[in-house]
Structure formats: C-alpha cells, structure tokens
Amino acid sequence: MMTKKTYIVFTFLLFACYYSLLAQQKIENSFQVIPLGVKGGLDESNLSSYMIAPSGSNNFICADAGTIRHGVDVAISHHLFKGNAEDVVKNNIKGYLISHAHLDHVAGLIMNSPDDSPKNIYALPSVIDVLRDKYFTWKAWANFTNEGEMPRLGKYTYVPLKENEKKALAGTEMEVTAFPLSHGPSYESSAFLIGHQDAYILYLGDTGSDQVEKSTRLQQLWEHIAPLITKNQLKAIFIETSFPDKQPEKLLFGHLTPHLLMAELGKLSQLTNPAALKKVSIVITHTKSFGKEEQELIAELEKDNLLQLKLVVPEQGKSMFF
C-alpha cells in the first residue's frame, strides 16, 4: 500500500513529467500554420495563402493571399476555428505579407477587402507599386488603401519592407525580414523570414533557381539562413515546386522543378550542418499539377531527395505545427 509520503512524491513526479512534456512540446512546436490555399494558379478556390502564428496564439499573419474566404471555410470544417469565416478574416488575420503581385497570390485579398477589417499590407516597394497602381484603383476595384487614387478609403495601410531589415508585425507576436527573389526576367518576388523569439519560418514566394535566372538571390538567402539551421532555430522552409522535371527550361517562367529545388537545397546544405538541415521541414508549395500529374511530381521530389530531407505536402485547411 502506498504511504502518504510516497503518494505525495509520486504525484509531484507525475506533475513534473507532465509539465516537462508540455515544455518540450512548446519547444518542438513553435508555430502553427493553416494553409488557406496551396496550389499555383488554375484552381481559384485553392491559391497560395498561409496563416502563420506562434503556437498557442490566435494572432495570425497571412503569407500571401490568393485564396482567403474559401480557405477559412475549409479550416472551419476541420474545426480549426469557431464561428464564421467573416469573423476569422476580420479578427484572426492581423495583416498580409505579399510576396509579389501576381493574381494567384493577391486575389483573395482584393476580393475580400470590402468586408475585411483595418490592417497592414507588408511588402517590398516594388510589390506595393503594383497593388497601388493596378489593383486598388477605382477602375479595377476600389481603393481600400491609404495611398494611390482618391478617394482613399484607408482600410489597408501599406508598410514597405526594406531588404534584410527586421519589421514588427502589428497585432502579432512576430517580426519579419524580407529578401528579394527572382521570378522571371526583371520581375521581383520575395521571401519572408518570420520570427518569434528564437524560432523562425522561411516562406518563399514564387522563385526560379539561380542557375536559370542568372541570379544570386537564392544563394544570398541561403547564406543568411544557414546559421539559423545550424542552431536548430529554423523550423520550416515553404518553397515552391511548380512544374515536373519534364518542363522545358524556357517554359519555367521563374519557377522551380523537383530537380532544380533539390539542387538549390544542396547548395544550402553545403553552407550548414547537413544533419541540422534534415530537421527542417521542407514544405512544398505552389504545385501547378493535379491528380496523376501531381503524384508524379511528388514522386520526382522523393526520387531527387538524395539529402533525405523532411518533405511535407500541405493540405488546404489542415493545421501544420513546426
């Protein structure tokens, strides 16, 4: 029979183990990501858009905004939010990080703007220029922002990001650093390094490989994040793989294939500890294939994955923890 003293010691050890497990779980899961859209073009109900927040927080930033409302509806159907989609969009999304202004990355933002709440749009100046001069105009839609054509409704505030400079994300516990990417000749996309305390997620908008783009932008990005990987602070890299390997180079239009992706990640591996890189989730975004072709692309990724990296294929409306 257990004595009172033994019972107290046993109970203490039980609670100590419980809270140790909670602390370990908190360390392992620094971020929650809810994909509102995962595809690249074609399917207007499932376009690039990812809600990102520190684990345990309801203050999300939305990385790109191709699909918003339908993606939130899918997330609600998976019991990720209570209430209706309108409340989630207004209250849980605190701002938008826009990697570039192609429609499959901004359509949801534009279409939902009449019923959205005031918030910031964070982007490089070249991206803000397109949003201001082409989309949020009275001929194309309505100007819900604080710049551009009059009258300015002022619901959204443009916040220009400077390359390699940290910026706090208002209404959240996170900060962001932006890096330019090459998405075809003379077209600028961007990557966002999103941080909370000592943990990070790297989200890349559309990008071509340095080899094809005749660029060094990915190499510069890899050099910046390599120390974070070595210190096990980078939890995930969200990076596109739009086309299968059979796609001709002249028809890539600033995108990656499985072979090109793995070549770039090989360069990153050379800059850091390969064992540490294996701990980083490589989330495959922006695939432009469907059905059998999509399965073939995933098979190519697995075949080309000679580094044995942790590949993850996101699903719309299903939570991911990193």
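What follows draws every value from the coordinates through simple rules; no lab data is involved. These numbers come from a predicted model, not from an experiment. We place every Cβ from the backbone using ideal geometry, glycine too, and count neighbours over all the protein chains shown.
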Ranked by how many other beta carbons lie within 10 Å on average, peptides 171-184, 240-253 from highest: 171-184, 240-253
Using +1 at the C-beta of Lys and Arg and -1 at the C-beta of Asp and Glu, which of S45, T230, F192 has the Cα lying farthest in the positive direction of the dipole of the chain? T230
Just the ratio, please: alpha-carbon radius of gyration of the chain over 2.2 N^0.38 Å, N its number of residues. 1.06
Any lysines with Cα under 21 Å of the K162 Cα? List them, leaving off those in the same chain fewer than 8 positions away. K94, K119
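Dipole size in debye (nearest 20) for region 31-321 around its Cα centre, Lys and Arg Cβ +1, Asp and Glu Cβ -1?
The calculation lands at about 500 debye.
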Pairs of Cα atoms under 8 Å, at least six residues apart: use those to get the relative contact order of region 31-321, whole percent. 18 percent
Under 14 Å Cα-Cα from K292, which aspartates and glutamates qualify once same-chain neighbours fewer than 8 residues away are excluded? E300
Which listed residue (G254, G266, L161) has the Cα farthest towards the positive end of the charge dipole for region 31-321, taking +1 on Lys and Arg C-beta and -1 on Asp and Glu C-beta about the Cα centre? L161
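Distance cut-off 27 Å, Cα to Cα: go down the list K39/K279; K39/K246; K134/K267; K155/K318 and report the pairs above it.
Violating the 27 Å limit, Cα to Cα: K134/K267; K155/K318.
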Proxy exposure order for H286, H70, H78 (fewest C-beta within 10 Å first) is H78, H70, H286
So how strong a dipole does region 110-227 carry about its Cα centre when Lys and Arg Cβ are +1 and Asp and Glu Cβ are -1, to the nearest 20 debye? 320 debye
